[in-house]
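Colleague: For reference, the structure I am asking about is given below.
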Amino acid sequence: MTANARFPVPPGVASKAHINATSYEELYRLSVESPEKFWDKQARSLIQWRSLWRKVVSWDFAQANVQWFVGGKLNVSENCLDRHLLHRGDNVAIIWEGNDPQDVRRITYRELHREVCRTATLLKKYGVGRGDRVAIYLPMIPEAAICMLACARIGAIHTVVFAGFSAESLRDRINDCGCKLLITANEGVRGPKTIPLKETSDEAVAACPTIKNILVVRRTDTPCSMTPGRDISYEEELAALGDEYDTAVESMDSEDPLFILYTSGSTGKPKGVLHTTGGYLLHVTATHKYIFDIKEDDIFFCGADVGWITGHSYVVYGPLSNGATTVMFESIPTYPDAGRYWDVVERHKVTIFYTAPTAIRALVKEGDHHVKRYDRSSLRILGTVGEPINADAWLWYHDIVGEGRCPIVDTWWQTETGGVLISPLPGATETKPGSATRPFFGVQPVVVDEGGTVLDGNGVTGRLCIKYPWPGMMRTVYGDHQRFVQTYFSMYPGLYFTGDGCRRDEDGYYWITGRVDDVLNVAGHRLGTAEVESAIVRSGVVAEAAVVGIPHDVKGQGIGAFCVLRDDAGEGIDLVERVVRSVREVISPIATPDALWFVSGLPKTRSGKIMRRILRKIGEGEYAAVGDTTTLAEPSVVEEIVEVVKRSRDV
Ligand code: WT7
């Protein structure tokens with residue numbers, strides 16, 4: 001099988017799908033020729049509104065102002081819960097698969113509704129209301145989804161922080177958006193490890209003046225310290241509440257904030273991506289329904305953590321809005337062994353499975369027998385997200401996991417886009433391994449060259465921009481609208497710039513080639529080079545650092561760090577350890593460098609700018625391709641760096 005193979009839509013899939021090739025073409029044309037008409041209709045049929053809008057969309061990319069369903073009123077929690085109670089209240093909303101495969105919980109829509117209402121009542125009791133920010137630092141347990149929905153119910157804005165982030169990262173996020181309450185657990189369990197979440201939370205909030213209370217969920221029997229007057233036990237409060245809870249929902253404006261999620265950029269600290277209510281909910285509901293071809297009896301399993309946008313949109317909001325059954329997975333793909341995903345698929349009869357290329361590559365290495373010993377006949381559709389997928393991994397996923405039977409949807413999107421923008425539709429789109437294929441309804445991608453000239457026609461390569469708003473797009477960077485304008489709308493005026501490079505092939509298919517800015521994608525996790533460099537310098541032993549992405553066969557991209565030691569750093573093995581420890585403490589273990597090179601200087605221009613292009617080439621092992629170094633202040637450092645890197649790779 002060659003890498004430019006094509007996979008037609010299986011006829012049995014097309015005939016039963018919501019959208020087939022003909023209806024895709026028709027609807028896509030309508031969605032770009034008359035976007036307001038298209039989205040108006042979708043909004044009426046997919047979402048329950050308390051009152052309708054005055055205007056479908058109002059937008060101005062120059063000022064970065066976008067509003068959808070202006071004046072409309074709704075509540076996200078009501079859409080995800082209450083509206084399903086009449087006809088599918090006893091359907092399972094969440095199948096929770098705990099770290100231990102024996103540990104399973106099934107929660108119906110009726111039960112979930114009750115828990116969300118109880119939690120909302122509790123939040124109100126502690127003074128949380130409309131517009132207040134709540135930080136959620138929880139493992140993948142049902143309470144994470146319950147707390148998100150409880151916030152949405154009362155109009156509070158949640159900011160979920162991935163439970164793998166350090167105390168310092170948690171603190172920065174809480175302080176940036178001024179959270180009133182933090183929700184955490186005593187500890188988390190993930191694979192063979194336990195994670196001391198309450199301890200980390202205590203450390204974080206020691207310098208968070210806006211936090212009034214910490215609500216602590218008990219995940220394990222391990223005791224944790226509780227500060228009287230500040231810390232509250234979730235279970236004790238709920239027990240005291242009994243059935244005395246409030247089922248009211250806040251009527252939210254379509255443009256009221258729903259959540260803030262922090263993500264890394266090419267400069268500075270992570271930014272608070274703000275998503276609002278109506279547009280976001282419609283976007284995730286529509287994409288989830290059409291891209292995964294969701295039907296009432298589907299069991300949808302997205303392996304992402306709710307700490308990332310994929311978890312928000314496709315573990316919680318999209319599936320629950322559609323009334324589907326969503327699997328929440330607490331563990332990791334290799335625990336207790338590399339067959340875990342397929343064990344979950346067999347036991348819960350998963351019909352749609354969605355994961356990241358890095359997980360697929362890690363499992364390819366473990367061998368096919370881990371897959372084949374489980375029954376995967378329930379699977380109907382497979383999805384990937386997070387980074388470009390190499391053809392080998394795609395073909396393995398297709399042939400081994402999906403037994404050649406299941407279409408793969410390679411979904412391209414970003415934290416900023418809220419939901420998927422480019423992806424095949426399983427009943428409509430012929431796929432090509434490695435291509436995210438065609439735009440979703442209403443999405444108008446353009447390819448531009450570096451100077452911003454729009455490249456028309458097919459067979460072009462450049463940078464990916466979007467020229468028309470879509471409902472799920474972010475509305476601002478929390479507290480810094482100027483940064484929103486600057487980052488996304490100033491590079492190519494009139495266009496939203498994604499930061500990704502891409503090719504549109506002869507058939508009009510999109511191939512995302514990866515970031516063109518200083519953002520790394522390490523095992524599907526997004527990290528800024530500047531952020532990692534600053535964490536390295538914080539170790540106290542490094543004077544200056546430059547970080548580049550290096551090829552890594554499982555992570556896709558690894559982190560290569562070139563470090564100039566301080567004169568007073570001393571020598572020895574613990575220098576590496578100090579750098580690594582600093583990165584883990586300042587950011588998270590996910591930012592740990594894969595290669596560390598101590599060098600005596602970095603290649604800089606005469607004006608002092610680090611030439612990352614050169615370091616990237618060296619990191620990739622393309623020593624001869626460093627190109628012209630004559631403009632450097634000190635060309636000789638390049639030879640030294642090449643020697644250091646080569647030597648490290650010889651051993
Ligand atoms: C960046 C966004 C969207 C949820 C997970 C990541 C890369 C994402 C694909 C894909 C090629 C992809 C892009 C994008 N990316 N999906 N299917 N093919 N690249 O969200 O952390 O905001 O990262 O992930 O480079 O810009 P994120």
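Colleague: Kindly evaluate E36 against the criterion of being open to solvent by 10 Å² or more (accessible area, probe 1.4 Å), within 25 Å of the chain's Cα centre (by Cα) and on the phi < 0 side of the Ramachandran plot.
Modeller: no
Here's the yes/no breakdown for (1) open to solvent by less than 10 Å² (accessible area, probe 1.4 Å); (2) closer than 30 Å to A43 by Cβ:
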| site | (1), (2) |
| --- | --- |
| I332 | no, no |
| A362 | no, no |
| S378 | no, no |
| I381 | yes, yes |
| T384 | yes, yes |
| W394 | yes, no |
| Y397 | yes, no |
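Colleague: Any idea which residue in the stretch 501-533 is nearest to the ligand (Cβ to nearest atom), counting only those that are of a type in the set (A, V, I, L, M) and over 19 Å from P439 (Cα atoms)?
Modeller: V519
Colleague: Yes or no: R361 more than 16 Å from the ligand (Cβ to nearest atom) and over 16 Å from P139 (Cα atoms)?
Modeller: Details: more than 16 Å from the ligand (Cβ to nearest atom): no; over 16 Å from P139 (Cα atoms): yes.
Here the answer is no, as R361 does not meet what is asked.
Colleague: Identify, from the list L615, L602, L575, the residue that is hydrophobic (A, V, I, L, M, F, W, C), open to solvent by less than 20 Å² (accessible area, probe 1.4 Å) and assigned to a loop (DSSP other than H, G, I, E, B).
Modeller: L602
Colleague: Quick one: which residue in K372, K295 is of a type in the set (K, R) and either touching a Leu at 6+ places or on another chain (Cβ under 9 Å) or more than 23 Å from A93 (Cα to Cα) (or both)?
Modeller: Just a single option satisfies the conditions, and that option is K372.
Colleague: Would you point out the residue of the stretch 455-489, among those that are within 19 Å of T263 (Cα to Cα) and in a loop (DSSP other than H, G, I, E, B), that is most open to solvent (accessible area, probe 1.4 Å)?
Modeller: Result: G479.
Colleague: Further question: Could you tell me how many of the residues in the stretch 386-399 are more than 16 Å from the ligand (Cβ to nearest atom) and among the polar types (S, T, N, Q)?
Modeller: Selection size over the stretch 386-399: 0.
Colleague: Take the stretch 306-320 and flag every residue that is more than 19 Å from Y109 (Cβ to Cβ) and in contact with a Phe, Trp or Tyr (Cβ under 6 Å, 6 or more places away or on another chain).
Modeller: Of everything in the stretch 306-320, just one residue is more than 19 Å from Y109 (Cβ to Cβ) and in contact with a Phe, Trp or Tyr (Cβ under 6 Å, 6 or more places away or on another chain), namely G307.
Colleague: Which of the residues belonging to the stretch 187-196 are touching a strand residue (DSSP E or B) at 6+ places or on another chain (Cβ under 6 Å) and not in a loop (DSSP other than H, G, I, E, B)?
Modeller: Correct list: G188, I195.
Colleague: Sort out for me the strands (runs of 3 or more DSSP E) sitting completely within the stretch 197-266 that have 1 or more residues that are crowded, with 22+ Cβ neighbours inside 10 Å, touching a residue at least 24 places away in the same chain (Cβ under 8 Å) and among the hydroxyl-bearing types (S, T, Y).
Modeller: Where strands (runs of 3 or more DSSP E) fall fully within the stretch 197-266 and carry at least 1 residues being crowded, with 22+ Cβ neighbours inside 10 Å, touching a residue at least 24 places away in the same chain (Cβ under 8 Å) and among the hydroxyl-bearing types (S, T, Y), they are 257-263.
Colleague: Report, by residue number, each residue of the stretch 544-576 that is free of Cβ contacts under 8 Å to residues at least 24 places away in the same chain and in contact with an Asp or Glu (Cβ under 8 Å, 6 or more places away or on another chain).
Modeller: Of everything in the stretch 544-576, just one residue is free of Cβ contacts under 8 Å to residues at least 24 places away in the same chain and in contact with an Asp or Glu (Cβ under 8 Å, 6 or more places away or on another chain), namely A545.
Colleague: A further question follows. Of the conditions (1) within 19 Å of I590 (Cα to Cα); (2) open to solvent by 10 Å² or more (accessible area, probe 1.4 Å), L170 fails just one. Which one is it?
Modeller: Of everything listed in (1) within 19 Å of I590 (Cα to Cα); (2) open to solvent by 10 Å² or more (accessible area, probe 1.4 Å), L170 misses just condition (2).
Colleague: Residue by residue through the stretch 126-184, note down the ones that are in contact with a Gly (Cβ under 6 Å, 6 or more places away or on another chain) and in a loop (DSSP other than H, G, I, E, B).
Modeller: Of everything in the stretch 126-184, those that are in contact with a Gly (Cβ under 6 Å, 6 or more places away or on another chain) and in a loop (DSSP other than H, G, I, E, B) turn out to be R130, P139, F162, A163.
Colleague: Checking G339 against (1) within 16 Å of the ligand (Cβ to nearest atom); (2) over 28 Å from Y137 (Cβ atoms), which test does it fail?
Modeller: (1)
Colleague: Out of (1) within 11 Å of the ligand (Cβ to nearest atom); (2) under 21 Å from R504 (Cα atoms); (3) not small (G, A, S), the odd one out for Y354 is which?
Modeller: Of the numbered conditions (1) within 11 Å of the ligand (Cβ to nearest atom); (2) under 21 Å from R504 (Cα atoms); (3) not small (G, A, S), the odd one out for Y354 is (2).
Colleague: Look through G383, G418, G402, G367 and report the one residue that is farther than 30 Å from H481 by Cα, touching a residue at least 12 places away in the same chain (Cβ under 8 Å) and within 13 Å of the ligand (Cβ to nearest atom).
Modeller: When all the criteria are applied, what remains is G383.
Colleague: Kindly indicate the residue of the stretch 534-556 that is within 26 Å of I360 (Cβ to Cβ) and small (G, A, S) and also farthest from the ligand (Cβ to nearest atom) among those meeting that condition.
Modeller: The qualifying residue farthest from the ligand (Cβ to nearest atom) is G549.
Colleague: Do any residues in the stretch 294-309 that are in contact (Cβ under 8 Å) with a residue 60 or more places away in the chain and within 13 Å of the ligand (Cβ to nearest atom) have Cβ atoms under 7 Å from those of residues that are aliphatic (A, V, I, L, M) and in a loop (DSSP other than H, G, I, E, B), where the two are at least six apart or on different chains, and which pairs are they?
Modeller: Once the first residue is in contact (Cβ under 8 Å) with a residue 60 or more places away in the chain and within 13 Å of the ligand (Cβ to nearest atom) and sits in the stretch 294-309, its partners that are aliphatic (A, V, I, L, M) and in a loop (DSSP other than H, G, I, E, B) give D305/M140; V306/M140; G307/V161; G307/A163.
Colleague: Another one. Which residue pairs have Cβ atoms closer than 9 Å, lie 6 or more positions apart in sequence or on different chains, and pair a first residue in the stretch 14-42 that is under 17 Å from T285 (Cβ atoms) with a second residue that is assigned to a helix (DSSP H, G or I) and of a type in the set (K, R)?
Modeller: Hits for this filter: H18/K289; S31/K37.
Colleague: Determine if the stretch 302-317 includes at least one residue that is over 14 Å from the mean Cα position of the chain (by Cα), buried (at least 24 other Cβ atoms within 10 Å of the Cβ) and either basic (K, R) or at pLDDT 95 or above (or both).
Modeller: No, there is no match, as no residue in the stretch 302-317 is over 14 Å from the mean Cα position of the chain (by Cα), buried (at least 24 other Cβ atoms within 10 Å of the Cβ) and either basic (K, R) or at pLDDT 95 or above (or both).
Colleague: For G427, work out the one condition from (1) open to solvent by less than 10 Å² (accessible area, probe 1.4 Å); (2) within 17 Å of C502 (Cβ to Cβ); (3) away from the ligand (no atom under 16 Å from the Cβ) it doesn't fulfil.
Modeller: Evaluating G427 over (1) open to solvent by less than 10 Å² (accessible area, probe 1.4 Å); (2) within 17 Å of C502 (Cβ to Cβ); (3) away from the ligand (no atom under 16 Å from the Cβ) leaves (2) as the failure.
Colleague: What tally of residues in the stretch 220-269 results from selecting those that are among the small types (G, A, S) and over 32 Å from the mean Cα position of the chain (by Cα)?
Modeller: First, pick out the residues of the stretch 220-269 that are among the small types (G, A, S): 225, 229, 233, 239-240, 242, 248, 251, 254, 264-266, 268.
Remaining after also requiring over 32 Å from the mean Cα position of the chain (by Cα): 229, 239-240, 242.
Within the stretch 220-269, residues that are among the small types (G, A, S) and over 32 Å from the mean Cα position of the chain (by Cα) number 4.
Colleague: What do you reckon, is V409 within 13 Å of the ligand (Cβ to nearest atom), part of a loop (DSSP other than H, G, I, E, B) and in contact (Cβ under 8 Å) with a residue 60 or more places away in the chain?
Modeller: So V409 does not fit the description; no.
The values are calculated or read from the model by the stated rules, or taken from the named source; none is laboratory data. In this text the structure is predicted, and so the values were computed from the model without any measurement. Note that we place each Cβ from the backbone using ideal geometry, even for glycine, and neighbour counts take in every protein chain shown. Surface areas here come from the heavy atoms of the whole protein model, side chains and all, with no ligands, DNA or RNA. Shrake-Rupley method; radii C 1.70, N 1.55, O 1.52, S 1.80 Å.
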